[in-house]
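A.B. asks: Before we start, here is the structure in question, set down as structure tokens.
Please treat every number below as a calculation from the coordinates, not as lab data. Remember, it's a predicted structure, so these values are computed and weren't measured experimentally. Note that we place each Cβ from the backbone using ideal geometry, even for glycine, and neighbour counts take in every protein chain shown.
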Amino acid sequence: MKIAKNREELSICLNSKTQIGFIPTMGALHDGHLSLVNESKVRGLTTVASIFVNPTQFNDPKDFEKYPIDTEADLEKLQSAGCEVVFLPNRQEIYPVGSEDLYLHDFGDLETRFEGAFRPGHFKGVGQVVHILFDLVKPNTAFFGQKDFQQLQVIKRLVQQENMPIEIVGMPTIRESDGLAMSSRNRRLNESQRFESTLLHKVLTYSKTRLKQQSFNDIRLEVQKMFTDSAELELEYFDIIYPDQFIPADRFREDKTYHAVISAYAGEIRLIDNMQLA
Ligand code: PAF
């Protein structure tokens, strides 16, 4: 596995590669990330991952400072998964002086609802770094986890708006055996927070089973009650939405698709999850 630390090294590593599968990450890798590497390998692509904790997508500086970093373990995992090239840039490499305000895209409502409402500027930062990484790596296909469902829609919109010839593949959320969606943040949970954090997945499966039987408002109220009973978790938002527009849905219709999205805090740790309901 080759490691490129700057733009020049990256272009040497990618020279003559024609079918590139790309997995952008912020490190602290888990099986969810490795499933993306695996999918790229299964498709026979030259598999490139990047590790860069992007400061411009953190609206909370404390969250940025506390973001877990374990590059040595990450590199071992990528190597075992068969990744061929890892791009490991520093901040200056991604944002050369004077370029900080470039690639700030407008994603409309998609960047201001739900995650965007609670993390102002977050999707601008994601769009910015992904655009820069796409320009440098020039992938044919890029892989993202569906756990960050709104992010996946933002990236699809970025590629569409910019006419980038890149296929965006969303891969299923990988879960712990008790249902908790894998996330780099999970390692910061203490024992009782970890125990209660399965509530997010329970709420999503609950809303899936109730979808056709109850009004969506009743489901919303039930979910709020479930969180009131939790000692460790505080609900930030839960909603049942039309996934293409990210707007709340009112009632079930056979011809529509629905998605539930949720975010909650365990102490200072923010957890998100989502599920297709119908
Ligand atoms: O999902 C992530 O880890 C990040 O948001 C991404 C896509 C690597 C951009 O920094």
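A.B. asks: About the Cα centre of the chain, what is the dipole size in debye to 20, counting +1 per Lys and Arg Cβ and -1 per Asp and Glu Cβ, all else neutral?
C.D. replies: Rounded to the nearest 20 debye, it is 520 debye.
A.B. asks: Restricting to DSSP H runs of at least four residues, report the calculated mean residue ellipticity at 222 nm for the chain, -39500 (n - 2.57) per run over all residues, nearest 500 deg cm²/dmol.
C.D. replies: -11000 deg cm²/dmol
A.B. asks: With the cut-off at 25 Å, tell me which of the pairs K2/K124; K5/K138; K5/K77; K62/K147; K2/K41; K17/K77 have Cα atoms farther apart than that.
C.D. replies: Beyond 25 Å: K2/K124.
A.B. asks: Also, quick follow-up: Could you list the square roots of 5 times each eigenvalue of the Cα gyration tensor of the chain, that is, the equivalent ellipsoid semi-axes, sorted largest first and rounded to whole Å?
C.D. replies: For the chain, the ellipsoid semi-axes come out as 33, 20, 18 Å.
A.B. asks: Given the options V85, V130, V42, which has the most mean-square fluctuation in a GNM of the chain, springs set between C-alpha atoms less than 10 angstrom apart?
C.D. replies: Of V85, V130, V42, the most mobile in the Gaussian network model is V42.
A.B. asks: May I pose another question? Could you please report the charge total around N15, scoring K, R as +1 and D, E as -1 over all other residues with beta-carbon less than 15 angstrom from its beta-carbon?
C.D. replies: Residues near N15 contribute +1 overall.
A.B. asks: Determine ³J(HN,Hα), in whole Hz, for all residues of segment 135-144 in sequence, where each value follows from phi through the Karplus function 6.51 cos²θ - 1.76 cosθ + 1.60 and θ = phi - 60°; x replaces Gly and Pro.
C.D. replies: 4, 7, 8, 6, x, 7, 9, 10, 10, 9
A.B. asks: Within a Cβ distance under 15 Å of Q224, other residues only, what is the Lys/Arg minus Asp/Glu net charge?
C.D. replies: -2
A.B. asks: Whole-Hz Karplus ³J(HN,Hα) for segment 159-170, in order, using 6.51 cos²θ - 1.76 cosθ + 1.60 and θ = phi - 60°, x for Gly and Pro?
C.D. replies: 5, 5, 4, 8, 6, 7, x, 10, 7, 9, 10, x
A.B. asks: Give me a comma-separated list of calculated 3J(HN,Hα) values for segment 25-41, in order, Karplus coefficients 6.51, -1.76, 1.60 applied at θ = phi - 60°, integers in Hz, x for any Gly or Pro.
C.D. replies: Whole-Hz 3J(HN,Hα) from phi for segment 25-41: 9, 10, x, 6, 6, 9, 4, x, 4, 5, 5, 6, 4, 4, 5, 5, 5.
A.B. asks: Starting from the Cα of K256, draw a straight line to each of the lysines and keep only those under 16 Å, dropping any in the same chain fewer than 8 residues away.
C.D. replies: Partners found: K208, K212.
A.B. asks: Tell me, how many Å apart are the Cα centres for segment 84-127 and for segment 133-186?
C.D. replies: 14 Å
A.B. asks: For segment 52-75 and segment 4-20, what is the separation of their Cα centres, given in Å?
C.D. replies: Answer, in whole Å: 24.
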